[in-house]
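To start, the structure itself, in C-alpha cells.
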Amino acid sequence: ALLKPVVRSGKIGRYWATRTAAVLFPYTLTGPAAQLLARIELRKEFPHAWKYLLRNQRLLEAREHGKFEEEWWQLYPKNLELWEDPKIMIPYMITELAAYFDSGGNYFVNVTTGGFGVRLRNTQLDSRYVTGLLNSRLLDWFLKKVSTTFHGGYFAANKQFLVQLPIRPLDLGPASEQAEHDALVALVDRILKARRADGAADTVAL
C-alpha cells in the first residue's frame with residue numbers, strides 16, 4: 001500500500017511513460033504537506049514495510065551524513081506534497097524532445113536518472129496544450145539549437161534550456177485563439193487515449 005510507481009532511466013516519450021520501479025513512500029498526503037508516518041503506525045498498519053525498513057536502517061541512517069538519523073525512514077523532504085499533482089513529464093536526456101501529461105499519481109525520480117515534472121503557473125493554458133507543443137518537431141528543433149550536446153546524439157532538456165522555448169502566451173479572449181487552444185487540447189486527449197488503448201500493461205495510464 002505504501003509503494004508508488006517510479007519512472008526513470010529515460011522511460012518517457014511522446015505521449016507515454018513507463019513504470020520501471022517503485023518507491024516506498026511512508027507518508028500521507030491528506031493535508032497541505034506530506035506527513036511522515038510514525039514508527040508505531042508503520043509497525044501496526046504496515047508491518048512488512050516496517051520490517052523491510054528495519055533491515056535497511058543502517059543504510060538509511062547514513063544518508064546525508066546522518067541528517068535523517070532521528071526519523072531515518074523518511075525520504076529527502078523536498079516537494080513531496082506535489083508528487084500527486086498533475087504535471088507534464090519530460091525526460092532529462094533526449095534524442096528528441098518528448099512530453100507526457102500525467103493527470104496525477106505517477107512518479108519519477110530526480111533529474112539525473114529520470115526527468116522533470118513541470119507544472120504551469122500563472123497561466124490560462126491547459127497543460128495538455130503545452131504537452132502538444134513540447135511534442136512538436138518545431139520545439140524539438142529549437143531546443144537542440146540552444147541545448148548542450150552529448151555523445152550518442154543526446155541533448156540535455158533541463159530547465160535552463162526549456163525556459164528558452166518560444167511558447168507564446170495566448171490571448172484566450174478572441175474566439176479564434178480559444179478555438180485553437182481547445183482544438184489542440186482535444187487532439188492531445190485523443191492521442192493519450194489511443195496510447196493507453198494500444199500500450200502494454202506497464203504503460204502509465206492517463
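The values are calculated or read from the model by the stated rules, or taken from the named source; none is laboratory data. Predicted model only: the values in this text are computed from it and were never measured. Here Cβ is always computed from backbone atoms with ideal geometry, including for glycine, and neighbour counts include all displayed protein chains. In case anyone asks, the SASA skips ligands and DNA or RNA and just uses the protein heavy atoms, side chains included. Shrake-Rupley method; radii C 1.70, N 1.55, O 1.52, S 1.80 Å.
Can you pull out every residue in segment 69-79 that is touching a helix residue (DSSP H, G or I) at 6+ places or on another chain (Cβ under 7 Å) and either open to solvent by 100 Å² or more (accessible area, probe 1.4 Å) or modelled with pLDDT under 90 (or both)? Selection gives 69 alone.
Among the conditions (1) modelled with pLDDT under 90; (2) out of contact with any helix residue (DSSP H, G or I) (no Cβ under 7 Å at 6 or more places or on another chain), the only one that residue 172 does not satisfy is (2). In the set 139, 143, 133, 192, only one residue is farther than 19 Å from residue 19 by Cα, in contact with a Phe, Trp or Tyr (Cβ under 7 Å, 6 or more places away or on another chain), part of a helix (DSSP H, G or I) and at pLDDT 90 or above; that residue is 143.
Suppose the filter is within 18 Å of residue 126 (Cβ to Cβ), of a type outside the set (Val, Ile, Thr) and free of Cβ contacts under 8 Å to residues at least 60 places away in the same chain; does residue 181 pass it? Yes, satisfied. Within segment 118-130, restricting attention to residues that are in contact with a helix residue (DSSP H, G or I) (Cβ under 8 Å, 6 or more places away or on another chain) and modelled with pLDDT of 90 or more, the residue that is surrounded by the fewest Cβ atoms within 10 Å (Cβ to Cβ) is 126. Determine whether residue 105 is surrounded by fewer than 16 Cβ atoms within 10 Å (Cβ to Cβ), at pLDDT below 85, under 15 Å from residue 16 (Cα atoms) and within 14 Å of the chain's Cα centre (by Cα). So residue 105 fits the description; yes.
Out of 8, 39, 43, 55, which single residue is open to solvent by 80 Å² or more (accessible area, probe 1.4 Å) and closer than 22 Å to residue 196 by Cβ? So the residue among 8, 39, 43, 55 that is open to solvent by 80 Å² or more (accessible area, probe 1.4 Å) and closer than 22 Å to residue 196 by Cβ is 8. Restricting attention to segment 18-32, the residues that are open to solvent by 40 Å² or more (accessible area, probe 1.4 Å), touching a residue at least 40 places away in the same chain (Cβ under 8 Å) and under 25 Å from residue 57 (Cβ atoms) total 1.
Of all residues in segment 158-181, those satisfying the criterion of being in a helix (DSSP H, G or I), closer than 20 Å to residue 138 by Cα and open to solvent by 40 Å² or more (accessible area, probe 1.4 Å) are 159, 160, 180.
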